[in-house]
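Asker: Have a look at this one before I ask anything.
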Amino acid sequence: MFSFAIDPFSFFVGFAAGIIIWVIITRARPLWNELRESWREQREAAQSRKTNTVEENHRRATLRRAQGMHLAAPLFALDEIILEPLLLAPPPRVEPGTPPKFEDTITQTLPYLPAWPEIAAIYKPQTLTLPQAISGNANIVIIGQPGVGKTVALAHLASLASNRSESLGAMKEAVPFLVHVADLNLPVKDVKNLLNPLIESAAEHVGAFDYGRLTSFIQNTFKNENALLLVDGYDEITPDEQQVVTEYFKLLLQTHPKTRIVTTGTPEYLDGLIPLGFAPLALCAWTARENLAFIEKWGQLWSQTVAMEAWAQTGPEQVDPLLLNTWLSADNVNLSPLELTLKVWGAYAGDSLGPHVLEAIATHIRRVAPVNTPVAALETLAMQVIVSAQPVFDPRKARAWVKSFEIAEDAAEGEGVEEETKEETKPKKGKKKVEKVSTPSSGLLGKMASSGLLVSHPNNRMRFLHPVFAGYLAGQALTNYNAEETLLEQHDWLGKHLAMRYFSVHGDASKLVQSLLEYSRLPMQRPLFTAARWLRDAPKNAPWRGKIFSALAGILQMEGIPLSLRGQAMAAFVYSNDPAAATLFRQFAATMSFELVQLSVLGSGAIRDTKAINTLKGALNAPSLGVRRAACMALVAIGTTEALEIVAHTLLSGDEEIRRAAGEALANDPVEGHAMLKDGITLNDILLRRAVVYGLGRIREPWAVELLKKAQIEDDQWIVRNAAAEVLDAKAHMELLAPGKLKAPHESPWLVEFAAKQGMGVSPGVPATDILLLALKGEDPDNRLAALPYLKFTPNEGVISRIYEAMYMDEPELREAAFNTLWEIGMSGVKLPHPSQYGLS
């Protein structure tokens, strides 16, 4: 046994020392915490300085790229020549239990025609700027015909984001990533490296100093949900390639759900984007006023810059810009921004091959093609791009397409190259074969890239500068081959449609038209409207024109189908520039069908048919409010003194509804119409001033806003003050028209309430299709309209049949909403059956 004695003195000394040490540690803990926090802040500040440097360099690089992403980039920076892109506001989404969004009478009267923005350019329904469009929380796809300016719109948005523009509001600090689909190395092999395609693309445009820090910068940007991804070229590729890009978007949004994506598309096909929740927004065509503004801006810039170059000083004497602008301002009906740009460029450069838009395209192709390159070489390359459905092609394989045009010194470079594939289309008797061979490339293709006709991308990829140029060249080349079947067998894609369009100009498109008409059917009639776009440029004596006009007239006259479908037929007649359209519209305007009269009246105004003025004057007294509104709009569009006087008389002496329509219509005339509104706000007539207020609300000018503010405060009649307040509030909250993400069904108050009334529940993560179908069949009109946006995400046969039934109900608002839902379902790749399959016709 051992025993230990404890020394009391030592015990108490040790105990006291422990207490002292504990007190010291306790009091020192805040100091240690402060030191740790200081060290952490220093590390974060150092990391921030590194990141900020990379971010600022990235923003500058993005801005430089964006400023060069337009056709006239060799001459001007984008911000020097751009007209602000506008998007057609989509139909407002109905939310039961909330006040309806403000809509002007123009938007209520004009059918929603996203595939035909030329009509919107005439009548000017509600539009959104790009910052307004992305102010909602939805990802968007900018849709439009080729040449309408989708790439420019993306570049403009990238420029705004790069400069942290105040117009972006909450997205001011978002970091833009501007890429073309050809820049992305897809599909991603490892989901863990999901951002690698974007990192690799961005690395092409940064300096060596930033290269090592770029990866962490991009990863942190997406991790912090601060990325704005802008993807160009989605509209240019084939459906199979679109699926690859769509799958990438899907993975990206699953990993980084708050990433904002804006891409480009066509009104016909958006494989996979709609199910991901993308909102399609149509880019507006330019108005006559915008055409003139662009021509004048071009003239000023040309005189200040290009005309001062040495080569211009020693060349032919420059024509007076005033004379050029006067000539250029005429005959620009239905030209796209691309076509107008080429027309103006040719006039100022003095190298135009002729006044027709097709000659303007040919002029620019010659302008950017390598010197002394045979046109046949360009046509052959474009034809192979279309026939092989490779809008983004491998130049190593494409070398053989133009092999016969290579000069002798370049031919040797291809020795020892293995031929990989070879295909051909059936040639006409005595004509050449269309061969597709795969070999590496240099020589002629390299020269085309250097001259600007082709664009090079990483990973051995090339494409034409613009799909219109590829389509134009291919259309010419295909007239020498039996290629109609080859084109028709392809899935729908932009290159195919452009090649067929320009083929119809140079060859006999009867077989193509016959096949398209046989395939065209309700509810969308896409093949018919595809062929209708050919009418403007095709020969007036083409044997197939009559068949298309007949089919369009049949759609226009068909009762019981949506105005948005019939309106496309009206738009096609307008776009054709055919003189017979005026007679047809006047004839239909005299019928007893109010919807047909409404569309015909709008058609007469769109083509500015002065012979229809008396008919339109009579339409102001029609029983249908829609017809009367359309007559006001059409008379202002015609714009003669007689037509404007009729509208002015209506503004002064009509009933309350037609006065408002007249006031809003006059807002479309920037000279006489605006002057009338300025005078009208001062007159001693309550209903007149109220109508004028709604007209002023449609004018995007500071003076109009000032007059509205003055009326809101100083007018002695509450009805006028209230109207001014309503209009100003709508102008201040244009972002409410922007598309937003749908709430999850279980988070939607109206749907939860509706389900409860049916003795049902809405559970998270469980499809609410059955409840939504009950709402669609119910008696509440708001519930029916609110159910449709949800149902497009479950497009099974049962859902589609119920939407068809809604489209054929005698409720105009529901009919149009159901048609737009089917349009989005069809764009996503779902094949829509003929209505007769469900007993409807």
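The values are calculated or read from the model by the stated rules, or taken from the named source; none is laboratory data. Quick caveat: nothing in here was measured; it's all calculated off a predicted structure. Cβ: placed from backbone, ideal geometry, glycine included. Neighbour counts: every protein chain shown. Each accessible area value is taken on the protein alone, full model and side chains, heavy atoms only, with ligands, DNA and RNA left out. Shrake-Rupley method; radii C 1.70, N 1.55, O 1.52, S 1.80 Å.
Asker: Being touching a Lys or Arg at 6+ places or on another chain (Cβ under 9 Å), surrounded by fewer than 22 Cβ atoms within 10 Å (Cβ to Cβ) and part of a helix (DSSP H, G or I) is the filter here, so list the residues in the range 615-637 that pass it.
Answerer: THR615 - this is the single residue of the range 615-637 that is touching a Lys or Arg at 6+ places or on another chain (Cβ under 9 Å), surrounded by fewer than 22 Cβ atoms within 10 Å (Cβ to Cβ) and part of a helix (DSSP H, G or I).
Asker: Conditions first: (1) acidic (Asp, Glu); (2) open to solvent by 50 Å² or more (accessible area, probe 1.4 Å); (3) in contact (Cβ under 8 Å) with a residue 60 or more places away in the chain. GLU118 passes all but one, so which condition is the exception?
Answerer: So the condition that GLU118 fails would be (2).
Asker: Looking at the range 680-688, is at least one residue among the charged types (D, E, K, R), crowded, with 23+ Cβ neighbours inside 10 Å and either in a loop (DSSP other than H, G, I, E, B) or modelled with pLDDT of 95 or more (or both)?
Answerer: Filtering the range 680-688 down to residues among the charged types (D, E, K, R) leaves 685.
Imposing the further condition that a residue be crowded, with 23+ Cβ neighbours inside 10 Å reduces the set to none.
No, the range 680-688 has no match at all.
Asker: Of all the residues that make up the range 84-103, how many are surrounded by fewer than 16 Cβ atoms within 10 Å (Cβ to Cβ), at pLDDT 95 or above and over 22 Å from VAL231 (Cβ atoms)?
Answerer: Adding up the residues that qualify gives 0.
Asker: For the range 798-817, check the following and say yes or no: at least one residue is open to solvent by less than 70 Å² (accessible area, probe 1.4 Å) and closer than 22 Å to LEU253 by Cβ. Lay out the reasoning, then the answer.
Answerer: Just the residues of the range 798-817 that are open to solvent by less than 70 Å² (accessible area, probe 1.4 Å), to begin with: 798-801, 803-804, 806-808, 811, 814-817.
Subset that is closer than 22 Å to LEU253 by Cβ: none.
No, the conditions are met nowhere in the range 798-817.
Asker: Quick test of your reading of the structure: HIS205 fulfils all but one of (1) modelled with pLDDT under 95; (2) within 22 Å of the chain's Cα centre (by Cα); (3) open to solvent by 30 Å² or more (accessible area, probe 1.4 Å). Name the failing condition by number.
Answerer: The number of the failed condition is (2).
Asker: Another question about this same structure. May I ask you to say which residue of GLY560, GLY554, GLY495 is among the small types (Gly, Ala, Ser) and free of Cβ contacts under 8 Å to residues at least 40 places away in the same chain? Outline the logic, then answer.
Answerer: On the way: GLY560 fails: free of Cβ contacts under 8 Å to residues at least 40 places away in the same chain; GLY495 fails: free of Cβ contacts under 8 Å to residues at least 40 places away in the same chain.
Selected residue: GLY554, the only one of GLY560, GLY554, GLY495 that is among the small types (Gly, Ala, Ser) and free of Cβ contacts under 8 Å to residues at least 40 places away in the same chain.
Asker: Same structure, new question: Has the range 460-480 got at least one residue that is closer than 28 Å to HIS70 by Cα, surrounded by fewer than 20 Cβ atoms within 10 Å (Cβ to Cβ), more than 25 Å from the chain's Cα centre (by Cα) and at pLDDT below 95?
Answerer: Within the range 460-480, one or more residues are closer than 28 Å to HIS70 by Cα, surrounded by fewer than 20 Cβ atoms within 10 Å (Cβ to Cβ), more than 25 Å from the chain's Cα centre (by Cα) and at pLDDT below 95.
Asker: Which pairs do you get when a residue that is farther than 16 Å from ILE658 by Cα, found in the range 681-696, comes within reach of a residue that is open to solvent by 10 Å² or more (accessible area, probe 1.4 Å) and β-branched (Val, Ile, Thr), reach meaning Cβ atoms under 6 angstrom, with the pair 6+ apart or on two chains?
Answerer: none
Results for (1) under 13 Å from LEU453 (Cβ atoms); (2) part of a loop (DSSP other than H, G, I, E, B); (3) open to solvent by less than 10 Å² (accessible area, probe 1.4 Å), shown as yes or no for each residue.
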{"site": "VAL333", "(1), (2), (3)": "no, yes, no"}
{"site": "LEU342", "(1), (2), (3)": "no, no, yes"}
{"site": "TYR348", "(1), (2), (3)": "no, no, no"}
{"site": "GLU359", "(1), (2), (3)": "no, no, no"}
{"site": "VAL371", "(1), (2), (3)": "yes, yes, no"}
{"site": "ALA377", "(1), (2), (3)": "yes, no, yes"}
{"site": "VAL385", "(1), (2), (3)": "yes, no, yes"}
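Asker: While we're on this one: When the residues of the range 707-755 are filtered to those that are outside any loop (DSSP other than H, G, I, E, B) and of a type in the set (Asp, Glu), which remaining residue is farthest from the chain's Cα centre (by Cα)? Talk me through it step by step, then tell me what you get.
Answerer: So the first thing to find is which residues in the range 707-755 are outside any loop (DSSP other than H, G, I, E, B), and the list is 707-714, 718-732, 734-737, 745-747, 749-755.
Right, trim to of a type in the set (Asp, Glu) and you get 714, 726, 729, 735, 747, 753.
Numbers: GLU714: 41, GLU726: 29, ASP729: 27, GLU735: 17, GLU747: 30, GLU753: 36 Å.
This residue is GLU714.
Asker: Considering only residues that are closer than 25 Å to VAL152 by Cα and either touching a strand residue (DSSP E or B) at 6+ places or on another chain (Cβ under 8 Å) or outside any loop (DSSP other than H, G, I, E, B) (or both), which ones fall in the range 319-331?
Answerer: Result: ASN325, LEU328.
Asker: Check off (1) assigned to a helix (DSSP H, G or I); (2) open to solvent by less than 20 Å² (accessible area, probe 1.4 Å) for SER550 and give me the number that stays unchecked.
Answerer: Condition (2) is where SER550 drops out.
Asker: Return a yes/no flag: does the range 59-67 have any residue that is among the β-branched types (Val, Ile, Thr) and open to solvent by 30 Å² or more (accessible area, probe 1.4 Å).
Answerer: Initial filter on the range 59-67 (among the β-branched types (Val, Ile, Thr)): 62.
Then drop every residue that is not open to solvent by 30 Å² or more (accessible area, probe 1.4 Å), which leaves none.
No, the range 59-67 contains no residue that is among the β-branched types (Val, Ile, Thr) and open to solvent by 30 Å² or more (accessible area, probe 1.4 Å).
Asker: Additional query: Return yes or no: is LYS678 over 24 Å from ALA288 (Cα atoms) and either more than 36 Å from the chain's Cα centre (by Cα) or not hydrophobic (A, V, I, L, M, F, W, C) (or both)? So that I can check it myself, show each step before the final result.
Answerer: Details: over 24 Å from ALA288 (Cα atoms): no; either more than 36 Å from the chain's Cα centre (by Cα) or not hydrophobic (A, V, I, L, M, F, W, C) (or both): yes.
No; evaluated as a whole, the condition is false for this residue.
Asker: Same structure again: Looking at GLN254, GLN242, can you tell me which residue is crowded, with 20+ Cβ neighbours inside 10 Å and polar (S, T, N, Q)? So that I can check it myself, show each step before the final result.
Answerer: Numbers: GLN254 fails: crowded, with 20+ Cβ neighbours inside 10 Å.
Among GLN254, GLN242, only GLN242 is crowded, with 20+ Cβ neighbours inside 10 Å and polar (S, T, N, Q).
Asker: So which residues in the range 256-278 are touching a Leu at 6+ places or on another chain (Cβ under 8 Å) and part of a loop (DSSP other than H, G, I, E, B), if there are any at all?
Answerer: Narrowing the range 256-278 to residues touching a Leu at 6+ places or on another chain (Cβ under 8 Å): 259-266, 276-278.
Of everything in the range 256-278, those that are touching a Leu at 6+ places or on another chain (Cβ under 8 Å) and part of a loop (DSSP other than H, G, I, E, B) turn out to be THR259, THR266, LEU276, GLY277, PHE278.
Asker: If you don't mind, another one. With respect to ARG49, is the statement that it is at pLDDT below 95, more than 40 Å from the chain's Cα centre (by Cα) and open to solvent by 30 Å² or more (accessible area, probe 1.4 Å) true? Explain how you work it out, then say what you get.
Answerer: On the way: at pLDDT below 95: yes; more than 40 Å from the chain's Cα centre (by Cα): no; open to solvent by 30 Å² or more (accessible area, probe 1.4 Å): yes.
For ARG49, the condition - at pLDDT below 95, more than 40 Å from the chain's Cα centre (by Cα) and open to solvent by 30 Å² or more (accessible area, probe 1.4 Å) - is not met.
Conditions (1) in a loop (DSSP other than H, G, I, E, B); (2) out of contact with any Phe, Trp or Tyr (no Cβ under 9 Å at 6 or more places or on another chain); (3) on the phi > 0 side of the Ramachandran plot; (4) not aromatic (Phe, Trp, Tyr), marked per residue:
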| residue | (1), (2), (3), (4) |
| --- | --- |
| VAL206 | yes, yes, no, yes |
| VAL244 | no, yes, no, yes |
| GLU296 | no, yes, no, yes |
| GLY299 | no, no, no, yes |
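Asker: To continue, here is another question. List the pairs whose first member sits in the range 375-391 and is under 17 Å from GLU484 (Cβ atoms), whose second member is part of a loop (DSSP other than H, G, I, E, B) and open to solvent by 10 Å² or more (accessible area, probe 1.4 Å), and whose Cβ atoms are under 6 Å apart, counting only residues at least 6 apart or on separate chains?
Answerer: Every condition considered, the pairs that remain are ALA389/THR238; ALA389/GLN490.
Asker: To continue, here is another question. Go over the candidates ILE81, ILE106 one by one and state the one that is of a type in the set (Val, Ile, Thr) and either open to solvent by 20 Å² or more (accessible area, probe 1.4 Å) or within 21 Å of ARG698 (Cα to Cα) (or both). Give the derivation first.
Answerer: Numbers: ILE81 fails: either open to solvent by 20 Å² or more (accessible area, probe 1.4 Å) or within 21 Å of ARG698 (Cα to Cα) (or both).
That would be ILE106, the only listed residue that is of a type in the set (Val, Ile, Thr) and either open to solvent by 20 Å² or more (accessible area, probe 1.4 Å) or within 21 Å of ARG698 (Cα to Cα) (or both).
Asker: Show the residue pairs that are 6+ apart or on different chains and have beta-carbon atoms under 8 Å apart, the first residue being within the range 219-232 and in contact (Cβ under 8 Å) with a residue 40 or more places away in the chain, the second being open to solvent by 60 Å² or more (accessible area, probe 1.4 Å) and assigned to a loop (DSSP other than H, G, I, E, B).
Answerer: Here the result reads ASN226/GLU173, each pair linking the range 219-232 to a residue that is open to solvent by 60 Å² or more (accessible area, probe 1.4 Å) and assigned to a loop (DSSP other than H, G, I, E, B).
Asker: If I filter the range 505-544 down to residues being part of a helix (DSSP H, G or I) and touching an Asp or Glu at 6+ places or on another chain (Cβ under 8 Å), which single residue comes out as least open to solvent (accessible area, probe 1.4 Å)?
Answerer: Taking the range 505-544 and keeping what is part of a helix (DSSP H, G or I), we get 505-506, 510-519, 526-532.
Next cut, touching an Asp or Glu at 6+ places or on another chain (Cβ under 8 Å) only: 505, 511-512, 515, 526, 530.
Values: VAL505: 23, LYS511: 129, LEU512: 1, SER515: 39, ARG526: 58, THR530: 22 Å².
It comes out as LEU512.
Asker: With (1) farther than 30 Å from LYS831 by Cβ; (2) in contact (Cβ under 8 Å) with a residue 60 or more places away in the chain; (3) among the acidic types (Asp, Glu) as the list, and ASP271 as the residue in question, which single condition is left unmet?
Answerer: In the conditions (1) farther than 30 Å from LYS831 by Cβ; (2) in contact (Cβ under 8 Å) with a residue 60 or more places away in the chain; (3) among the acidic types (Asp, Glu), ASP271 misses (1) alone.
Asker: I've got another one for you. For the range 512-550, give me each residue that is touching a residue at least 40 places away in the same chain (Cβ under 8 Å) and aliphatic (A, V, I, L, M).
Answerer: LEU522, MET524, ALA532, LEU535
Asker: Continuing with the same structure: Checking the structure you have, find out if any residue of the range 742-756 is open to solvent by less than 40 Å² (accessible area, probe 1.4 Å) and either under 30 Å from PHE529 (Cβ atoms) or of a type in the set (Val, Ile, Thr) (or both).
Answerer: No: zero hits.
Asker: Working only within the range 689-706, note down all residues that are part of a helix (DSSP H, G or I) and either open to solvent by 50 Å² or more (accessible area, probe 1.4 Å) or over 17 Å from THR105 (Cα atoms) (or both).
Answerer: Step one: filter the range 689-706 for residues part of a helix (DSSP H, G or I), giving 689-696, 702-706.
Across the range 689-706, the qualifying residues are PRO702, TRP703, ALA704, VAL705, GLU706.
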